[in-house]
Amino acid sequence: MNYIDPQNVISPRDCVSNVEVLYDGGADSVSLAKIAWEGKDCFAIRWNVAKREWNDPKKQEGIKQCVGMPTSRGYPVWFVLPEEMLDTTSSLWKEIFKNRARDITH
């Protein structure tokens, strides 16, 4: 399947700049990038091909390019990961681990 090079995912233009692709897993996977979002460095992720695109004959044949997921108004965009997701000592992760431990014991 023909998907958009994650290096070229720069929408919305007033928010995204300096895209540095750290991982491109191809059509079956995700891409991870370090980007500047509104001038602040962060990490972002996206699916290279959205689930629904796999059923589109024109996209399967390469006639149309896959835009992946997430999108906004038909343009591929990044999902910016909250900083707390990258710090396993953050209150977010403490809550996740606490809930996970509770789920395992019940």
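The values are calculated or read from the model by the stated rules, or taken from the named source; none is laboratory data. This is a predicted model, so every value here is computed, not measured. Note: ideal-geometry Cβ built from the backbone for every residue, glycine included; neighbour counts use all protein chains shown.
Annotation note: Cβ proximity below 9 Å between a residue of region 95-106 that is over 17 Å from Glu84 (Cα atoms) and a residue that is in a helix (DSSP H, G or I) (sequence gap 6+ or interchain) occurs for no pair. Meeting the requirement of 1 or more residues that are at negative phi and in contact with an Asp or Glu (Cβ under 6 Å, 6 or more places away or on another chain), the strands (runs of 3 or more DSSP E) wholly within region 5-106 are 30-37. Within region 13-26, the residues that satisfy the criterion of being closer than 13 Å to Glu38 by Cβ and surrounded by 12 or more Cβ atoms within 10 Å (Cβ to Cβ) are Cys15, Val16, Ser17, Asn18. In region 44-60, the residues that are closer than 19 Å to Trp78 by Cβ and in contact (Cβ under 8 Å) with a residue 24 or more places away in the chain reach residues that are assigned to a helix (DSSP H, G or I) and of a type in the set (Lys, Arg) with C-beta atoms within less than 9 angstrom, at least six apart or across chains, in these pairs: Val49/Lys59; Glu53/Lys59. Tell me yes or no: at least one residue of region 51-59 is under 14 Å from the mean Cα position of the chain (by Cα) and modelled with pLDDT under 95. Within region 51-59, one or more residues are under 14 Å from the mean Cα position of the chain (by Cα) and modelled with pLDDT under 95. Whether a residue is touching a Phe, Trp or Tyr at 6+ places or on another chain (Cβ under 9 Å) and at pLDDT below 95 was assessed, and Glu84 passes this test. Only residues that are farther than 20 Å from Gly25 by Cα and exposed (fewer than 11 other Cβ atoms within 10 Å of the Cβ) were counted across region 62-92, and they come to 6. The residue that is surrounded by the most Cβ atoms within 10 Å (Cβ to Cβ), among those in region 27-59 that are over 25 Å from Glu84 (Cβ atoms) and aliphatic (A, V, I, L, M), is Val49. Here Ser91 meets the list (1) under 13 Å from the mean Cα position of the chain (by Cα); (2) over 17 Å from Asn8 (Cβ atoms) almost entirely, failing just condition (1).
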